[in-house]
Every structure is written in structure tokens, then in C-alpha cells.
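Some notes on the structure that comes next.
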Amino acid sequence: PLSPAAVVGAGLGGSATAYFLQQHFGPQVQLDVYEAAGVGGRLATVTVNKQQYESRGASIHALSLHMQDFVKILGLKQRREVAGKSAIFSGEHFVLEETDWYLLNLFRLWWHYGISFLRLQMWVEEVMEKFMRIYKYQAHGYAFSSLEELLRSLGGEAFVNMTQRSVAESLLEVGVTQRFVDDVIAAVLRSSYGQSVLVPAFAGAMSLAGAQGSTWAVEGGNKLVCSGLLKLTKANVISARVTGISLHSSEGRALYQVHYESTEGQGSAFYDMVVVTTPLQPSRSNFTFDNFDPPVADLPGAFQPSVTSVVHGYLNSSYFGFPDPKLFPFTSVLTTDTPDLFFHAMDNICPVNISAAFRRKQPQEAAVWRVLSPQPLDKHQLKTLFRSYYSVQVTEWPTYPRYDSAKALPPIVLHENLFYLSGVEWVASSMEMVAVAAKNVALLAYNRWHQELEKIDQKDLMHKVKTEL
């Protein structure tokens, strides 16, 4: 039996991994989860006027089956969606505005962009439909030892290629116009990844699926999923920063020594299995691997710095061409890729607890806005967006992979029973993507431990799963 196992990181990846490991290996597995900052990782909240707001990782796609499961298992609730309209701003005018009337929106898209809109939808739907096969494979206990194998099993070589070519190139190929790519696709990718239409097609498709589908969030804050899963698994959360892992062997089996630093000083512990769920790129961590032969290679790739400013204040609607603030109709503004635009997107956000009586502030009232930008906003930029403000809370972090910075996908298996989860973000970065990867790592670890090799990297799974049903 597997005795102690360690998970490095207590964000969504770490907590979901701990949960799935226990599901597969059974409740007797001892789990230590190391976390330096706080449970929840990037799923953090900020407080404005005694209310909490999501600072990041805000929405979850309707088709996110693992996330839906977590919410059910933990007895949490989906947060009520508060309706609002969005628009795309070019720095001078709105290139696209949403209305209350769904048919008019479709007509506008159709009028402006012709069949591009339809082609985009068909493209995204085809990708999503194939991606959804993963749930069936995982339900049958199948796992993949590399991200390439996982993608191949869902959509063949075409899916692997989608991590190597841009979303712009893929969409132009299926007949979407350059104008639609520049106006609409660019705006969506700026608001989700803070990057341009040069992000890989697969990451782009996932982000576009979120933009056109219905989304939800967790009542009380998305980070409750992390703390809930860790409580449910009765994992032992160790508040410490892991500095490295060294390899030892015991009775012919690999034994991993995890070295860490906490407020009490330095320490270490031995494990049969370790899953690292924090980024290992040298730019993000100075993690060392000792005694490994061959050595664990440095992972390529850089991260996109990204700044979230949560501003409580009065919107300067005249900057957007609405001299009378009462008439400003939008709760979210996306932006096109224009050189002098200093922000990627901004939205009027609701607290993580929404009562039945809750209503959005009128546009002329002070409201809480979340502004996403590549650099911290200076005084002049804040004054451009807001007539006046009470408070600004800034979170800076390298949130997403800089997608043009790595050519190959990172590995999942670093050594016999040493696994790496965060590489999945180089395929696409979303909460559900991380949950899918966590389930895959747990199944992979289980199948390898019990030598059930026919459950790993199996070819022609679509056919096998059909015949098993």
C-alpha cells in the first residue's frame, strides 16, 4: 500500500490532487500538503467595505464537470449570476456593444462580422465536444503520462498541433475574418489571458468557450473549493515553502525527501510519492532536485505578469463617450489590441456573497470595479478611468504562462512516483483544466503504483470506452 504522499501547493491543483489521490488510493493514504502562502493559491479574495470580492479566477464554465462535482460534494452553492452587459472598446469608441435583446446582439454580430461569428461558434463547439471525452475516459480509470498523449486521445494530432500554432491562424483557416479576429477574439484573449491572438489555438478555444457559454462562480468565493477539499481529505496542511526534493532508495523503491523552510526553520520528510502543483519554471521557483539520474531538466517558459486593481469609486464614463454617467449601460468593458490602451479589461464586480435582495449599483453611483492591466495603473491612468475613488487594492502576480515562450509542453512524470501538475497550464489555463489534470495525475499515479499499465496511454480509447459501456 501507498503510505505517505506529499502534495506541493494548496491552490486548486493541490487540493484537487489530494482529493483524487485519496479517492483512488483509499482513505488510509497519509497526505501532507505543503503551502507557503495560503490555501486557495490564485483563487484569492479582497475586502472592500466589509464585503469580499474575487480578485482573480472568477468564472467557471457551465460544462466544468469536476468543478460542479466539487461544489456538490462539499455542499457549496453556485453563486447567482447578476445580469450585465459588455462592450468592446478600442480606445476611441465601442466596436461592439451588447444589448438586452439577444436577437439584436446576434443581428449586430451578423451585420458587422457576417458568417465569422457562426464559424467561430462551430470551431469552439467542435473543440469542446472532443474535450468532453476526457470525463468518460477518467470515469473508466484511464490516464495519460504526458499532455501530448492526453490531447491525442481527445482530438488526435490536430489537438497536439493546436498547442503549437496560434488561435488567429486556426480561425483564419476556418474562414473567420481578420476584422473579427482583431475586434472580438483579441478582446476576449486580453481579458482572459492578458495576451494577444498569438496564444495557442487550444488555450484560445478554452477561453472563447468561456466567453460565449454561460458561466458561474461559487457562493462565498471560489477558494472555498480548495479549503473544502482539503478538509474532506483530512489532509495534513503544512505551512512551509518547499525548497527541493532529493531522491533516495529503500528496498529497491524510490523514496523522496522533501526539504522545506517554515517559520520554525528548515525541515524535511520522506515520501513514497510526491506531486508538485506549483510552477517549476526557474523564473518562478528556485526548486532543486538532488540525486536524480538523469537529472530533472529545467522547464522552459516564462510567465505573463498581470495586475489586478480592485477600485471602489465613480466611473469616469465620459472617457468612454458617455458624458452623462446615468446613461452608461455596461458592466464590463473589454479592449482591443491598441498600443495606447493601458488596460486589458474592467468589470463592475459583485461580492462573493450575493443576497436575494442584491442589485447592481447604478452607473452614476460608486461601485467596485476590477481592472486588469499589464502594469500597475499610475495616478493619471486611475484618473482617466475614475472621476474619483475611495480605495485601490492591487494584486500583482505572474498569473498565466506567456504562451509564446515555450515550444514543447512540460512533462507530467518527473521520476517514477514524482509528478508535475502545473504543466497543464501550457495547454490552457482554467480552473477546470487544472481539475482535469489533477484527476489525471491521481489516476496515473494509481495505475503506475498498481502496475495497471493497460490503463495508461491506451490507444483508440473512443472505441474501447464505447464497447465497455
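The values are calculated or read from the model by the stated rules, or taken from the named source; none is laboratory data. Just so it is clear, the structure is predicted and the values come from calculations on it, not from any experiment. Methodologically, a virtual Cβ is constructed for each residue, glycine included, from the backbone with ideal geometry; neighbour enumeration extends over all protein chains shown. These area figures cover heavy atoms from the full protein model, side chains too; ligands, DNA and RNA do not enter into them. Shrake-Rupley method; radii C 1.70, N 1.55, O 1.52, S 1.80 Å.
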**Prompt:** From the list LEU151, LEU171, which residue is under 18 Å from the mean Cα position of the chain (by Cα) and at pLDDT 95 or above?
**Reply:** LEU151
**Complete:** Given the conditions (1) touching a strand residue (DSSP E or B) at 6+ places or on another chain (Cβ under 7 Å); (2) more than 22 Å from THR308 (Cα to Cα), every one holds for TYR390 apart from (2)
**Message:** Given the options SER90, SER64, name the one that is under 23 Å from ASP337 (Cα atoms), open to solvent by less than 40 Å² (accessible area, probe 1.4 Å) and of a type in the set (Gly, Ala, Ser).
**Reply:** SER90
**Request:** Please identify the pairs in which a residue from the range 301-329 that is under 20 Å from GLN381 (Cβ atoms) has its Cβ atom under 9 Å from the Cβ atom of a residue that is open to solvent by 50 Å² or more (accessible area, probe 1.4 Å) and in a helix (DSSP H, G or I), counting only partners at least 6 apart or on another chain.
**Result:** ASN316/LYS383; SER317/LYS326; SER317/LEU327; PRO325/SER318
**Prompt:** Which of the residues spanning the range 336-353 are within 18 Å of ASN316 (Cβ to Cβ) and open to solvent by 50 Å² or more (accessible area, probe 1.4 Å)?
**Reply:** ASP340
**Message:** Can you tell me which condition THR47 does not meet? The list is (1) open to solvent by 60 Å² or more (accessible area, probe 1.4 Å); (2) over 22 Å from THR331 (Cβ atoms), and all the others hold.
**Reply:** (2)
**Leading residue by the ranking (farthest from the chain's Cα centre (by Cα)) among those in the range 236-249 that are small (Gly, Ala, Ser) and open to solvent by less than 20 Å² (accessible area, probe 1.4 Å)** = SER246
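Residue by residue, here is whether (1) within 27 Å of the chain's Cα centre (by Cα); (2) under 25 Å from ASN222 (Cα atoms); (3) at pLDDT below 95 holds:
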{"residue": "VAL368", "(1), (2), (3)": "yes, yes, no"}
{"residue": "LEU377", "(1), (2), (3)": "yes, no, no"}
{"residue": "ALA406", "(1), (2), (3)": "yes, no, yes"}
{"residue": "MET433", "(1), (2), (3)": "yes, yes, no"}
{"residue": "ASN440", "(1), (2), (3)": "yes, yes, no"}
**Prompt:** Among strands (runs of 3 or more DSSP E) lying entirely in the range 354-469, which contain 3 or more residues that are in contact (Cβ under 8 Å) with a residue 60 or more places away in the chain and surrounded by fewer than 16 Cβ atoms within 10 Å (Cβ to Cβ)?
**Reply:** 386-401
**Residue identified as open to solvent by less than 50 Å² (accessible area, probe 1.4 Å) and in contact with a Cys (Cβ under 9 Å, 6 or more places away or on another chain) among GLY9, GLY41, GLY26** = GLY41
**Asked** Got a sec? Which of ALA83, ALA62, ALA44, ALA58 is touching a Gly at 6+ places or on another chain (Cβ under 6 Å) and at pLDDT below 90?
**Response** ALA62
**Request:** Go through (1) within 26 Å of the chain's Cα centre (by Cα); (2) loosely packed, with under 15 Cβ neighbours inside 10 Å; (3) in contact (Cβ under 8 Å) with a residue 60 or more places away in the chain and name the single condition GLU125 misses.
**Result:** (3)
**Request:** Kindly provide the set of residues from the range 299-337 that are under 25 Å from the mean Cα position of the chain (by Cα) and not hydrophobic (A, V, I, L, M, F, W, C), ordered by number.
**Result:** PRO300, GLY301, GLN304, PRO305, SER306, THR308, SER309, THR331, SER332, THR335, THR336, ASP337
**Asked** Could we say that THR47 is assigned to a strand (DSSP E or B) and not charged (D, E, K, R) here?
**Response** yes
**Message:** Suppose the filter is open to solvent by less than 20 Å² (accessible area, probe 1.4 Å) and at pLDDT below 95; does LEU280 pass it?
**Reply:** yes
**Complete:** Scanning the range 318-334 residue by residue, those touching a helix residue (DSSP H, G or I) at 6+ places or on another chain (Cβ under 6 Å) and either of a type in the set (Gly, Ala, Ser) or in a strand (DSSP E or B) (or both) turn out to be LEU334
**Item:** Selection within the range 238-263 - at pLDDT below 95 and touching an Asp or Glu at 6+ places or on another chain (Cβ under 6 Å)
**Value:** ALA254
**Asked** Of (1) within 19 Å of MET67 (Cα to Cα); (2) at pLDDT below 95, SER196 satisfies all except one. Which?
**Response** (1)
